[in-house]
Structures are given as structure tokens and as C-alpha cells.
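Everything below concerns the one structure shown next.
Where a number appears in this text, it was derived from the coordinates with a stated rule and is not lab data. As the structure is a computational prediction, the values presented were derived from the model and not from experiment. Heads up, the Cβs are rebuilt from the backbone with ideal geometry, glycines too, and the neighbour counts pull from every protein chain shown.
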Protein chains: 2
Amino acid sequence: MERELEKLLKKSRLSVTDSRVKILELFFNQQGALAHGDIEKRTGEKFDRVTVYRTLQAFLTKGIIHTIPTNDNSIRYALCKDTCEEGHHHDNHVHFVCNDCGNTTCLEEIIIPEIKLPKGYASNQVEMIVSGICRACKKG
Amino acid sequence: MERELEKLLKKSRLSVTDSRVKILELFFNQQGALAHGDIEKRTGEKFDRVTVYRTLQAFLTKGIIHTIPTNDNSIRYALCKDTCEEGHHHDNHVHFVCNDCGNTTCLEEIIIPEIKLPKGYASNQVEMIVSGICRACKKG
DNA sequence: TAATAAGATGCAACTTTGTTGCAAAATATT
DNA sequence: AATATTTTGCAACAAAGTTGCATCTTATTA
């Protein structure tokens, strides 16, 4: 596990440090999205707030994670499945936000359908966020 | 105009005040979404920051405006075309965010296509945000 | 329309969130 | 192992958001 993470970091030309490995681990160990706050909580005040910000920023520009639009004031981040080139990142899957548990999940298998824009508009990226009750909460 | 706004406020059981009328006017006078910051700027420091927060909150719970998910840390608000019941708000149109001018527009005429969710998921609301270059910026 | 009740506003003080510069520490390179 | 390069944590700060409370405004009613 640690090895894999190291590889990913090295491939992205990021030096392998404690914080990066731990934070990356968090993403791998959970099937969903994390906000900055979640990460601070789950790392247990191990790293400085600034480090978390910078780590997320680094992962973002290297295309290791991507952002998911939200309705509240917190950017959510999730792992990119297919490796994305720096800068040019494109997700094409639907995101699901559970109103019960609050978790955000990537529905990798659900592809965002194409739409026709009005004349004069040029599309660059499309996001689709479905909210409702997730599988786990429906059962419970 | 003022009359219409007053009517809308009264219908929502909100008392008619200076700030509410002015802020509501802002929404009516522009075809797009506004973040808290935009509103503060455009009202020209006329109202206290706290008032703006509380006004938006009030409009939101009364179903006068709705939020649009964003990738940055700012909630964007837009007018609800069809009046929405309190709490239960449903938009079905696509939102467009211009990477050039930064404006968010409601594409009222573009309806969000239906999608099939994996088993066990229940959908409640769907948001679709397209980003790129808007008509105005493409011309300029 | 004046008096009262209900509600909204602004201020102050505070908390939370995010940013920047810089010295010290860790990692990478030779 | 020594040096160069990065990254980290701290401090100080800026921006964004929240809460309680006295004051003022709007609504209500007689």
C-alpha cells in the first residue's frame, strides 16, 4: 500500500513526505470525497493546517484528485481514477451527495449525458451532482 | 417593479424592508447568479454584512432563491423562476459558469436529462453545471 | 393614525477558514 | 556523505461567517 502511494507521488514528481502519504492514504481508504475539514479531523491534528491546504493544492494541480462542486462553502475533493494530465482535468462521471450521511460518492459508472448548449456558448467541463439517499443509508 | 418585489416578499411572509427590496432588485436586474460577495459590492456597503447574510438565508428558506453548486468556496444564489415551496426546492435547468467573466447563468431552456442511478440510490435533486465561455465573452 | 407587538438591523465581539513569508527540517540529488 | 531542492510549521494576517443584544423599522390593532 505504502509502496503504491509512493509510486503515485513519484510519478507526479512530488517528493514523498509523511503528510502526503497519510493524506493520500485517507483518500484511498474511503470511497468518497473529502473536504479540507474532514482531512484535518481524520489526521488528528497531526499536520499543520497550512500543510493540508498545500498538500491538497499540490494533489490538485498534479491531477491526483479533483474537486466536486457543492452547495455549501466547502470544496470537496476526490481521487481521480484515471490519471489526469496536469491542469487539464476532465471527469465525466456523476457525483452523488447523500442528504442523510452527508457523504459524497463518485458514481464512476454513470457517465454524464451530453447536452446541447444555446448558440454562442462553448463548453469546457460538465458537472452533474445528484443528491438524495445513498445505498447505505437506505438500508439502515 | 418595486410593487412586484413587495408582493413577492409579502407572499413569502417576509416584512418589506430596504435591504430586502434592494437585494431582491439585484437578482431581478441581472440574468445570473450572485455570491454573497457580489451582493456586498453591488449594494455599495449600504447594508451590514450580517444583514446580507440573513437576507440571503431568509430568501433561501422561503424559496425565493436557490443555491448553485460551485467548485470554489462561494455559494452562488439565483432567483427561482417558478415559485418553490419552502424547503422543497427543485430546479431542472442547467447552469452555466463562464471561466472568463466568472458569471453564472441559468440556462432555463436547457432541461437536465434523466439518468439512471445504480440500485439502492434514491435521487432527490439533480444539478448540472457547465463551465466554459459564455456568449458575451466569446464575442468580445 | 397612534400605540403596541413583532420582526429586522447594525454593532461588537468572536470563530472559522484561508493565505503569505520565512526559518528550520526533511527529502532528493550528486 | 554533502549539497541542493522541497516541504513543513510557525506566526501573523486577511477574509468569511456567526451570535447576542440593544435599537430601530415594519406590521398590526383598536
Longest span of chain B, sites excluded, free of GluC sites (Glu not before Pro) in DSSP loop with at most 15 other C-beta atoms within 10 Å?
-> B:1-44
Where does helix A:18-28 land angle-wise versus the long Cα axis of chain A, in degrees 0 to 90, nearest 10?
-> 40
Within the stretch B:1-46, report the trypsin sites (Lys or Arg not before Pro) that DSSP leaves as loop and that have at most 15 other Cβ atoms within 10 Å.
-> B:Arg13, B:Lys46
Tell me, Kirkwood radius of the protein assembly as shown from alpha-carbon pair distances, in Å?
-> 20.6
Between chains A and B there is a rotation axis; tell me the chain A residue with the nearest beta carbon and how many whole Å away it sits.
-> A:Pro69, 2
Under a no-solvent Debye model with one identical scatterer per Cα of chain B, what's log10 I(q)/I(0) at q = 0.09, 0.13, 0.17 Å⁻¹?
-> -0.30, -0.62, -1.01
Theoretical FRET efficiency, 1/(1+(r/R0)^6), r = Cβ-Cβ of B:Arg54 and A:Val21, R0 51 Å, to 0.05 | 0.70
Holding the Cα-Cα limit at 19 Å, pick out from A:Lys10/A:Lys81; B:Lys10/B:Lys81; A:Lys81/A:Lys139 the pairs that are longer than that.
-> A:Lys81/A:Lys139
Give the nm distances, rounded to one decimal, from B:Gly44 to the matching residue in every other copy, measuring between label points 7 Å along Cα toward the beta carbon; shortest first.
-> 5.6
One decimal, nm, shortest first: give the distances between the label point of A:Lys7 and those of the same position in the other copies, each label point 7 Å from Cα along Cα→Cβ.
-> 6.7
For a label point 7 Å from the Cα of B:Asn124 along Cα→C-beta, name the residues of the stretch A:94-110 whose backbone N is under 12 Å from it.
-> A:97-103
Mind putting a number on the dipole of chain A about its Cα centre? Charges go on the C-beta only, +1 for Lys and Arg and -1 for Asp and Glu, and I need it in Debye to the nearest 20.
-> 100
To one decimal in nm, how far is A:Asn29 from the same spot in the other copies, if labels go 7 Å from Cα toward Cβ? Please give the shortest first.
-> 5.3
